[in-house]
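The values are calculated or read from the model by the stated rules, or taken from the named source; none is laboratory data. Note that the coordinates shown come from a computational prediction; the quantities given were computed from them, not determined experimentally. We place every Cβ from the backbone using ideal geometry, glycine too, and count neighbours over all the protein chains shown. The accessibility values were calculated without ligands, DNA or RNA, using every heavy atom of the protein model including side chains. Shrake-Rupley method; radii C 1.70, N 1.55, O 1.52, S 1.80 Å.
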Amino acid sequence: MIYDIIIIGAGPAGLAAGLYASRARLKTLILEKEKEGGQIVTTDEVANYPGSIENATGPSLTSRMVDQVDEFGAERKLDTIKEIEVEGETKVIRGEKGEYKAKTVIIATGAVPRPIGCPGEADLVGRGVSYCATCDAAFFEDMEVYVVGGGDTAVEEGMYLAKFARKVTIIHRRDELRAAKSIQEKAFANDKMAFMWDSVVSEIKGDGIVESMVVENVKTGEKTEVVAHEDDGTFGIFPFIGFIPATEMFEDIIDMEYGYILTDENMKTNVPGVFAAGDVRVKSLRQVVTATADGAIAAVEAGKYIDELEGTTYAGDQ
Ligand code: NAP
């Protein structure tokens, strides 16, 4: 079977592309490696997506998006894609579970959280180190939590964590936050929030669970070991220091800039029939609203590409 469109990734960009493609009666397959929703499933509040209602969460928005693509008949499969072949009219996508073919491909693989990269971090993921506040906040009920980073994500997720934790300390490498002023104001007014400025985490230690970490002052070079309170035995470390685009498998195939896919304003990459949408591409604003817009454009453009490929002429075109 050759699909009209295969969409890789089921975050907001991929689901919006799936909606537009299936509504246009294009044979559509959405491939996702884990679970639908991408980064927004780890977001407690989606307040800036037009039409979001009060208390709308990332998971609730995702489940409505998934219901919509299902209603219009897009197929969805869970598979981890390992390789794609994009030369020629039929694109071949190979996953762990199977091989898929399509006339067009929309890459909507998004981005993954950037790790700190210090010793001990990788070993203690899920054992005190977490990249998802909504997933793991409850484990730190009435405990100490440290958030690394100074952007919107770090500060917003820090405030979410503060609903559970005894205290949340934001460790930031500079002496002012990057987060939007409105978000900063809320954080500074929150009694449970504290700040360690000009600081980075240089090592995380623990035997099976986080027990301490070394924090280094980047101005003075002074190192401090933060040790878990003896009654708690551990504390949480949540790095929110940006994202890395999930584009490794497209290297050498598709033009990129700093690991992000280059497209034109119609989401076309340098390869005919291959489009990219959402956080994975070079763009100035990575938000749900821009991801869904990208997805819609990519699907419509993929449809036009197929029409051209098949030489469809519409009434009035002659
Ligand atoms: P970001 O804006 O890129 O911020 C990353 C933060 O991590 C910065 O404060 C940066 O420090 C710090 N950082 C980067 N690398 C580091 C390292 N190796 N060690 C220590 N600290 C490091 O990322 P984000 O906060 O995830 O936001 C991503 C995008 O999503 C942004 O466009 C943001 O506006 C948007 N967003 C919006 C909302 C909202 O509107 N409600 C919510 C979440 C995210 P420096 O400041 O020193 O560079």
Among R94, R64, R76, the single one that is at pLDDT below 95 and more than 24 Å from D152 (Cα to Cα) is R64
Of the residues G117, G110, G98, only one is of a type outside the set (A, V, I, L, M), without any contact (Cβ under 8 Å) to a residue 40 or more places away in the chain, more than 9 Å from the ligand (Cβ to nearest atom) and within 30 Å of F250 (Cα to Cα); which? G98
Restricted to region 121-149, and to residues that are part of a loop (DSSP other than H, G, I, E, B) and open to solvent by less than 20 Å² (accessible area, probe 1.4 Å), which residue is nearest to Q39 (Cα to Cα)? C132
Of all residues in region 78-111 being in a strand (DSSP E or B) and open to solvent by 60 Å² or more (accessible area, probe 1.4 Å), which is nearest to M1 (Cα to Cα)? K101
Those residues of region 153-168 which are of a type in the set (A, V, I, L, M, F, W, C) and either farther than 19 Å from D198 by Cα or within 14 Å of the ligand (Cβ to nearest atom) (or both), in sequence order: A154, V155, M159, L161, A162, F164, A165
Lone qualifier among F195, F188, F238 - being among the hydrophobic types (A, V, I, L, M, F, W, C), within 16 Å of the ligand (Cβ to nearest atom), at pLDDT 95 or above and exposed (fewer than 15 other Cβ atoms within 10 Å of the Cβ): F188
Residues satisfying the stated conditions in region 46-77, i.e. touching a strand residue (DSSP E or B) at 6+ places or on another chain (Cβ under 7 Å) and part of a loop (DSSP other than H, G, I, E, B): A74
Name, by its number, the condition in (1) surrounded by 19 or more Cβ atoms within 10 Å (Cβ to Cβ); (2) farther than 17 Å from V210 by Cα that does not hold for D152. (1)
Matching residues in region 60-83 (over 13 Å from A21 (Cβ atoms) and in contact (Cβ under 8 Å) with a residue 40 or more places away in the chain) number 11
Name the residue that is modelled with the highest pLDDT, counting only residues in region 241-256 that are assigned to a strand (DSSP E or B) and within 16 Å of the ligand (Cβ to nearest atom). P245
Only unsatisfied item for I171, checking (1) within 10 Å of the ligand (Cβ to nearest atom); (2) at pLDDT 95 or above; (3) out of contact with any helix residue (DSSP H, G or I) (no Cβ under 6 Å at 6 or more places or on another chain); (4) open to solvent by 10 Å² or more (accessible area, probe 1.4 Å), is (4)
